[in-house]
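These notes concern the structure reproduced below.
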Amino acid sequence: MNFRKRDLLISLSTAIVAALLLRASPVRAQVQNLCLQEIDGVVSPDSYGDVSTEEACNLDQTSSGITAKNNSWGDLISAGPPSVPNPKSGTGTGGTFSGILQSVPDQMTVGTKVTFPINGTTNKWIYKVAAGGPSKSDLQQGATGTYIYTAASLSSGPAMSDEILYYLVTRATNNGSELQGAWFFLGPVSLTDPSCTSKCTFTGHHTNGDLFFLSAFTQGGGQVGIQAYQWQCTGTGTACDDSGALINVANGACSGSGSGTSSNFLCGEVNDHLITVPSALPNPSTGTSLDTGLFYNGGVDVTHLFSGQTPCFSSVLFESISSPSCSTVPCSSIGNADAKFFIFGRRHADPVIDNRFPVIRHRQPRVLLLGQVVQRHFVYRQQGRLPGLRNSGSSRCLRRPESGP
C-alpha cells in the first residue's frame, strides 16, 4: 500500500489522488480547489449569482469527479464568529472567522504611504474620519476566514496541516479600477483613540513578518493577481518600524493572469457579473445586489509563505490604494503608493488567551488555530527569529510581549 501511495505521488501530474480526487495540475489555483472555501465571482465557472450558494468542487475543476461542496461566504456569515464551520468535503477543519468588519469613513491622511512604518521616528500612519473622497476607493466591508487543510499533501501545492487564509473586501462603486491591500499584523496594533476624528494615530508597531497582500478591484472583474509582501526588519518596536521594508515574497493568480503566473498558493477574483450577497454585505446604493467589480475575495496558503510555520495574526487592515501604476511584478511603484480608505479590525480568539502577542506555529497534523489550544506545543519568542517558535512541552498557545518600546 505504501508503494502504491508513493507511485501515486510520483505520477501526480497524470493521475488522480484517491484521497482528494484532485489533479496535480488543476485548471485553477489549488487554494481554490481544496474543497474548503469557494472563491466567488467569475462567471465561468461560477455561473450562479448568489455568493451564498455552495458550489460543487468540480465546477472549478470539471474533470476532478469530486461531488463534495465548498463552504460559501454565506455559510461563514450564517454561523457567525469566531469559528468557521467545517467544510462538508472533509478535506479540512474550520478555523477562525473575523465576522464582517464594517466600514466607517476612515481615511488615511493625504501623503500617508503604504510603506510607511506604523509609528516610526520620522513617519507614521495618520488618519481622519470624514466623508468624501473617490467612491471607487470607498471600502465597505471586509472579512477573513481560515482553515486547516487536512487531506493529503499536493505536489507543488498546499501540504497537509497548512493554514489557508481566505478574505473578502467590498467597495461602494465601480467607476474605475482601484488597487487594494490587506495587512495582517503579528503584533499588537490598534487605534490609539477610537473616538478620534482628525490627525488620528495607531498604537503599536510593525513586527518582523507582518504580511501585506496587494491586489486590485478591476472595473470589469475577473481573475486578479495577488502580490504577497512581508515587513522585514531588525529589532522590535520603533526599531522594527524604522529599519523595516516591504519585501516581495510571492506572486500569483488563479489562472495565469494578473501577477504574472498561476500559483498553487495564492489566488484572487473580482466579480465579473451581478451577484447577490448576504444582508451583512450591503452596498450603500444597491443593497444586496453587487454590480461587476465590487466584490473581491482571495485565498493564500500562509503556512507556505512562512516556510512551514503558521502565523497567528492579531488584527487586519484592509485599505484602498492610490498608485500611479502597478504594471510590474512585483509592483515597482509600491513605495510611492498612498493609502486611502481603510477598514481595521481584530481577529477573533479564545478569550482565555492574551491575544495581544503573536505566535507562529510549526506545521503539524491536527493543529488548531489562532488563539486556540494547540496540541503538544507552545511558543516562545526568541531573539533574531520570526516572532514565536514552537517548542514541545505544553498544550497551550502561550504568548509573551516583545521587548522594546
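The values are calculated or read from the model by the stated rules, or taken from the named source; none is laboratory data. Every value quoted in this text rests on a predicted model; they were computed, and no experiment measured them. Every residue, glycine among them, receives a Cβ derived from its backbone with ideal geometry; neighbour counts consider all protein chains shown.
Just checking, how many residues over the range 131-160 are more than 19 Å from residue 170 (Cα to Cα) and either touching a residue at least 12 places away in the same chain (Cβ under 8 Å) or touching a His at 6+ places or on another chain (Cβ under 6 Å) (or both)?
13
Go through (1) crowded, with 21+ Cβ neighbours inside 10 Å; (2) in contact with a strand residue (DSSP E or B) (Cβ under 8 Å, 6 or more places away or on another chain); (3) not basic (Lys, Arg) for residue 75 and report which single condition fails.
(2)
Please find, among 117, 158, the residue that is outside any strand (DSSP E or B), of a type outside the set (Phe, Trp, Tyr) and closer than 19 Å to residue 316 by Cβ.
So the residue among 117, 158 that is outside any strand (DSSP E or B), of a type outside the set (Phe, Trp, Tyr) and closer than 19 Å to residue 316 by Cβ is 117.
Could you identify the single residue in 185, 202 that is modelled with pLDDT of 95 or more and under 14 Å from the mean Cα position of the chain (by Cα)?
None of the other options fit; the residue is 185.
Return the residue satisfying two criteria in turn: it lies in the range 84-101 and is of a type in the set (S, T, N, Q) and touching a strand residue (DSSP E or B) at 6+ places or on another chain (Cβ under 6 Å), and of such residues it is nearest to residue 53 (Cα to Cα).
Across the range 84-101, the extreme among qualifying residues is 86.
Mind listing just one residue for me: the one in the range 123-165 that is at pLDDT below 95 and among the hydroxyl-bearing types (Ser, Thr, Tyr) and, of those, farthest from residue 37 (Cα to Cα)?
In this case the residue turns out to be 135.
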